[in-house]
Every structure is written in C-alpha cells, then in structure tokens.
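Please read the structure below before turning to the comments.
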Amino acid sequence: MDFSTWMSGIQQRTEVALAAALPSPDLAPTRLHLAMRYAVLGGGKRVRPLLCHAAGAVFGVDSALLDAPSVAVELIHAYSLVHDDLPCMDDDVLRRGKPTCHVEFDEATALLVGDALQAHAFQTLASRLAGIAPARQLEMLHLLAAASGSRGMAGGQALDLDAAIDRPGEAGIITLQAMKTGALIRFACEAGAIVGGAAPSDRERLAEFGSAIGLAFQLADDLLDLTADSSAMGKATGKDAAAGKATLPALHGADWTRRQLAGLVAQAHDLLRPFGDSAALLKAAATFVAERKS
Ligand code: GRG
C-alpha cells in the first residue's frame, strides 16, 4: 500500500476513534461537549496519530491497539491549540480554516474545553484496554503526562512566551521547541514501540527518531510561517516575525532551514535502518512531516 493511501486510512480511522471517545453533545453540559467536539473533529492532519500507528507497524501491532494512545495524544494536542489561540496567548481567530474555539464559543468555554480535553486524554489512556498489558498502559500514562507538563509541552510554551524578551540563541530555541512540540511527537513514536513490546534499545531508537522528527516538524512549521500564506495553512502566518520571536529560519534563512530539514530526515531514516522494510511507513511519515505544505 502506498503511503498516501495508508495515511488517509489512518486519518479516517482516527476521526472515528476521536468521535467515539469524546462525550456526546447530547450529554450535559451540552455546550461544553459541543465545543470540545468542535475543537477536535473535522480538521487537522493527525500527525501524532499517524506517527503512533506507523511506529506500532514497525513491531507488527494491530491498528486497533494503537487507537487509544493515538486518541490520547491528539486530544492533548487539540487542547494545546485551543489554549494557544486564546487572547492571553497567541490571540488567534483562525485555526484549521475555521474560527478558533473562543471566537466560535467564548473564552471561558475555550478554557474549559482545553481543561476537559486534557483530562479526557488521560481518561482514555487509563481505560481498560483489551490487548495492552496494564504495565504498558501505566508507562504510556507516565510518559504522556511528562510530555505534556512543565518539562514538556506546557514548559516549552512558557519558554516560548518569554522568547520575545529573553531572545534565546540557537541552543535555547532548540530546547524550547523540543519541549513545546517535540515532546508529544516523541511520545507518539515511543507509544507505538511500547504497545509493540519493543526491546528497550528499540524503544529508545523510536524515541530518538521522534525527537529528530519533532525538531523537523517545528522547523517545517517555522518555515511555513515565514513563507506560506494563511489560506494554505488555515491559520495566521507571519506571526513569529511580527511578535519579534526568534526562530531558526529567522536566524539562518530558508535555504539553511531546508538543508537542516534534509539532515534531520536523513538522521531519522538512519535510526530506522535496523528495522528494514517493517519501518517503511514510519520512514515515509518522516518525509511527510518535513516536506508538508500546510
Ligand atoms: C497552551 C500548554 C499550551 C501549549 C501550546 C503546541 C503549542 C503549545 C502551541 C501551538 C503553537 C504552534 C502553532 C506551534 C507550532 C507547531 C504546531 C504544534 C503546529 C500545529 O500542529 P499541527 O500542524 O496542527 O499538527 P493540525 O491542525 O494539523 O493538528
């Protein structure tokens, strides 16, 4: 099966799994549940679920076992976008080509949507999951909490908010990006290996792969922020420069960034070499993340 056919299948599968995991809009409080579904469903590339499924495929895992970690990481990602768009953070009005959650609903609802999505992610991953040993579930819960918290995504966001004043250099930017966006991507890859019962060295290899791809993902995003227009992205672009935020493409230019991206993809592909053909989808996913146009 070619990568784009596989990718559409996983995106559709993830949409169904997310819709089933989220509380019904008929259930009280209906407005909150409607807003949660608005923030999660019907948009997004589902990069983290794609990586989780592709990582699991390296170890021959049945897709059904990868739905829970994929849904959990996507719910955390969706919550982060809702909070990131709030007036107290990036103050964005457009996300995935539609009004942001606080514009469509209101600020207080958007705040609660983020809170509830975060809790729901952990509830999903902590539910009884047929076919996954509880010890593996516990490991994933621990990793997802660490990836989301003050030493992961939330901490990276805090460093990013300070970046316009602190003006971090290259090493500082790489650290904050590894936390802000890399941590969830690393989790998605490592979770696939955990569900697959990978040996510790293979699991670490997948986590390192996730870190390389996380950095590539952020570089590609910063490059698109510099070069793409907002209609292609479905969100505002050019915001980093306007906010005076240092990014690696802003420091070094687009050509340097494209060379770095190619280097990171080569590094990621090298990490997968021992897995041979069973890593074909994950290899293609790495290329997709670095070369994406939106
Ligand atoms: C508010 C705690 C908290 C964290 C926010 C992820 C994040 C941290 C902020 C998002 C800001 C941003 C645009 C970062 C660049 C990388 C990124 C996460 C882009 C959006 O992710 P995609 O491209 O989005 O996977 P889709 O819509 O495809 O799901």
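Derivation of every value follows stated rules applied to the coordinates shown; laboratory data play no part. Every value quoted in this text rests on a predicted model; they were computed, and no experiment measured them. Methodologically, a virtual Cβ is constructed for each residue, glycine included, from the backbone with ideal geometry; neighbour enumeration extends over all protein chains shown.
Could you calculate the FRET efficiency of T5 with L111 from 1/(1 + (r/R0)^6), where r is the beta carbon distance between them and R0 is 30 Å, rounded to 0.05?
On the way: r = 39 Å, r/R0 = 1.30.
That pair, T5 with L111, gives E of 0.15.
For segment 109-151, what percent of Cα pairs sit more than 13 Å apart?
The answer is 57 percent, as a whole percent.
Taking 0.36 nm per residue of sequence separation and subtracting the Cα-Cα distance, how much length would be gained by fully extending the chain between R258 and Q12, in nm to one decimal?
Length gained, R258 through Q12: 85.5 nm.
May I ask you to derive the relative contact order of segment 3-291, considering only C-alpha pairs under 8 Å and at least 6 residues apart, and to give it as an integer percent?
21
Which of the listed residues, L27, M89, G114, is farthest toward the dipole's positive end in the chain, when Lys, Arg count +1 and Asp, Glu count -1 at the beta-carbon?
The listed residue farthest towards the positive side: L27.
Of K45/K180; K98/K245; K245/K283, which pairs sit farther than 22 Å apart, going by alpha carbon to alpha carbon?
K98/K245; K245/K283
Charges at C-beta only: +1 for Lys and Arg, -1 for Asp and Glu. How large is the resulting dipole of the chain about its Cα centre, in Debye rounded to 20?
Taking the Cα centre of the chain as origin, the dipole is about 480 debye.
So how much slack lies between R273 and E170, counting 0.36 nm per residue of separation and subtracting their Cα-Cα distance, in nm?
Values: separation 103, 0.36 × 103 = 37.08 nm, distance 2.91 nm.
Extra length available between R273 and E170 comes to 34.2 nm.
For segment 1-53, how big is the tail of P(r) above 18 Å, as a whole percent of Cα pairs?
38
Starting from the exponent 0.38 and prefactor 2.2 Å, build the expected Rg for segment 81-201 from its residue count and divide its actual Cα Rg by it.
Normalised Rg, Cα atoms only: 1.23.
Would you work out the relative contact order for segment 21-115, in percent, from Cα pairs under 8 angstrom that are 6 or more residues apart?
Here the relative contact order equals 28 percent.
Kindly state, as a whole number, the per residue volume in cubic angstrom of the convex hull around the alpha carbon atoms of segment 3-291.
Here the figure is 119 Å³ per residue.
So if I take the alpha carbon set of segment 157-213, get Rg, then get Rh from the Kirkwood formula, what is the Rg over Rh ratio?
Answer for segment 157-213: 1.14.
Where the centre of each part is set by its Cα atoms, how far does segment 137-201 sit from segment 28-55, in angstrom?
19
So how much slack lies between E204 and L251, counting 0.36 nm per residue of separation and subtracting their Cα-Cα distance, in nm?
That works out to 13.8 nm of additional length.
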